[in-house]
Amino acid sequence: MQPLTNRSQAVNRAPLTWWERIYLPAIIGGLSITLKHFFRKKPTINYPEKTRPFSPVFRGLHILNRDEQGRENCTACGLCAVACPAEAITMEAAERLPGEEHLYREEKYAARYEINMLRCIFCGLCEEACPKDAIYLSETFAPSDYQRKQFIYSKNDLLIPHPEKEPEAYKKALGNRAGKNEVK
Ligand code: SF4
Ligand code: SF4
């Protein structure tokens, strides 16, 4: 019969020799492969004590951004929600009241902003769509959990720390974006 590919090999049906029947060479060969792996560099790491260096284009947990005065950038325009292919973003807009200028940069802000991390595919389209530099995907993971509701991240979970009140935490949250946080 004509073989389908040239990769097929004829099966050797010759009876086993005495040396082969005691299986020692096969066992020694297998153990030597195991031993070789003892001296190789481990491909695993002790997460979470250690983390791998991320690619510069890694997209992790979302951050809602503030400007350098600590005001929320988001103007609740909804472009990120429209751009999201997974329909993971929900928001409610509210109007800024007199006296709230120190809290919100624009006249409209997101009174409620939620991301369902179980739906999110971390594509980054929300970041691309945002005209206000108000959302970006950081270098941290969304932590694992046993309950689905814990994966609905509210505005409080997502907001970056205040740059004046918590400068260290703010800098850490910015990560590699430090210095790129331009106000448009
Ligand atoms: S990263 Fe993609 S899937 Fe996740 S919220 Fe943003 S647009 Fe939606
Ligand atoms: S995060 Fe950006 S795109 Fe989304 S509602 Fe706020 S300002 Fe608009």
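Taken together, the values in this text are just the output of simple stated rules run on the coordinates, not laboratory data. Being a predicted model, the structure only gives us computed values, none of them experimental. Here the Cβ is made from the backbone with ideal geometry for all residues, glycine too, and neighbour counts use every protein chain on show.
Quick notes on this structure:
- The calculated 222 nm mean residue ellipticity attributable to helices in the chain amounts to -5500 deg cm²/dmol, summing -39500 (n - 2.57) over DSSP H runs of n ≥ 4 and dividing by all residues.
- Sequence-distant residues sharing a close amide H with Ala93 (under 5 Å, placed H): Ala111
- With neighbours defined as other Cβ atoms within 10 Å of a residue's Cβ, the residues Glu72, Glu168 order from fewest to most as Glu168, Glu72.
- Counted by Cβ distance under 9 Å from Met91, the other residues give a net charge of 0, where Lys and Arg count +1 and Asp and Glu count -1.
- Taking a sphere under 12 Å around the Cβ of Gln69 and counting the other residues whose Cβ falls inside, with K and R at +1 and D and E at -1, yields a net charge of -1.
- Total lysine pairs under 20 Å (Cα atoms) in the chain, excluding pairs fewer than 8 apart on one chain: 16
- In degrees, nearest ten, helix 24-38 long axis to first principal axis of the chain (Cα): 30 degrees
- Amide H contacts under 5 Å for Leu159, placed H, 5+ residues apart: Leu64
- GNM result for the chain, Cα springs below 10 Å: residue of Leu64, Leu97, Leu125 fluctuating most strongly: Leu97
- Springs join every pair of Cα atoms under 10 Å in this Gaussian network model of the chain, and among Asn12, Asn46, Asn65 the largest mean-square fluctuation is at Asn12.
- Free-standing Cys residues across the chain, given no other cysteine C-beta under 4.7 angstrom: Cys74, Cys77, Cys84, Cys120, Cys123, Cys130
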